[in-house]
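A.B. asks: First the structure, which I've put down as structure tokens, then a few questions once you've had a look.
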Amino acid sequence: MQQRLRSLGWTLRSSLWEMTPRDHRQSAREFRRRQVVSAVVVLVGAVVLGYSLNIDPADTARFSAAALVLAAVWTVGAFASGPLHLGRIGHPAEPDLAAPRPVVQPLLIGAALALVFVLGAFVVREIPWLDDQVSNVLAHAQEGSGLVLLVVTMMNGIAEELFFRGALYAAIPRHQILWTTVAYTVATLATGNVMLGFAAVLLGLVVGLQRRASGGILAPIITHLVWSVTMLYALPAIIL
């Protein structure tokens, strides 16, 4: 038992707190470019996101198209801002070896985060106002092709991490976790849905810590995908 607890503690520290050594320097000109591109993309993305979630759930073609446009906005903005890094986790056993890519740890963290939201859903459904907020979002999950919705969900999860924990994180000089979470939450609140904003805060803090620890976007992407896909299938079964 003690060994398992130590292993869990190491996983959490290396995944969310201890920073893996790296050298991701950028010039002042590159930094300014990231800032300008990121500011423009945040505004454009917020508008597209608000539009997409105000589409009638029965209009699945228009909703899917808007969601794909949003993913394109985040993705193009991320790569237009400058280089992105996958990141590594922990410290290499030998100085000449590179630390491993984060894969298993973000899978576990994503599952744990999803479990927290699943448990919270049982509370939310007992509160009419919050239940209505979640139901409005889930209405889109009840229309159209399940495969298309899964693809759209995954593409947007990847695109959001490319931008918010990739480009935007690298465009902020200090307190990056705080400000990327704030930006992600504000963009999400453009939908007018409070529960989506609440989810953005919790998810943003977790993946922000992963970005800080690993120095890259791979861990945030994996955690976001595990969380969002679980929510896609679990929440309708609980709320609706």
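The values are calculated or read from the model by the stated rules, or taken from the named source; none is laboratory data. As the structure is a computational prediction, the values presented were derived from the model and not from experiment. Methodologically, a virtual Cβ is constructed for each residue, glycine included, from the backbone with ideal geometry; neighbour enumeration extends over all protein chains shown. Accessible surface is based on the protein model in full, side chains and every heavy atom, while ligands, DNA and RNA are left aside. Shrake-Rupley method; radii C 1.70, N 1.55, O 1.52, S 1.80 Å.
A.B. asks: Kindly list, by first and then second residue, each pair from a residue in segment 168-192 that is within 18 Å of Ser81 (Cα to Cα) and open to solvent by less than 30 Å² (accessible area, probe 1.4 Å) to a residue that is among the basic types (Lys, Arg) and at pLDDT 95 or above, limited to pairs with Cβ atoms under 6 Å and residues at least 6 apart or on different chains.
C.D. replies: Going by the 6 Å Cβ cut-off, the qualifying pairs are Tyr169/Arg211.
A.B. asks: Of all the residues that make up segment 214-240, how many are assigned to a helix (DSSP H, G or I), closer than 12 Å to Arg165 by Cβ and of a type outside the set (Ser, Thr, Tyr)?
C.D. replies: So the count comes out to 6.
A.B. asks: Determine whether Val76 is part of a helix (DSSP H, G or I) and touching a Gly at 6+ places or on another chain (Cβ under 7 Å).
C.D. replies: So Val76 fails the test.
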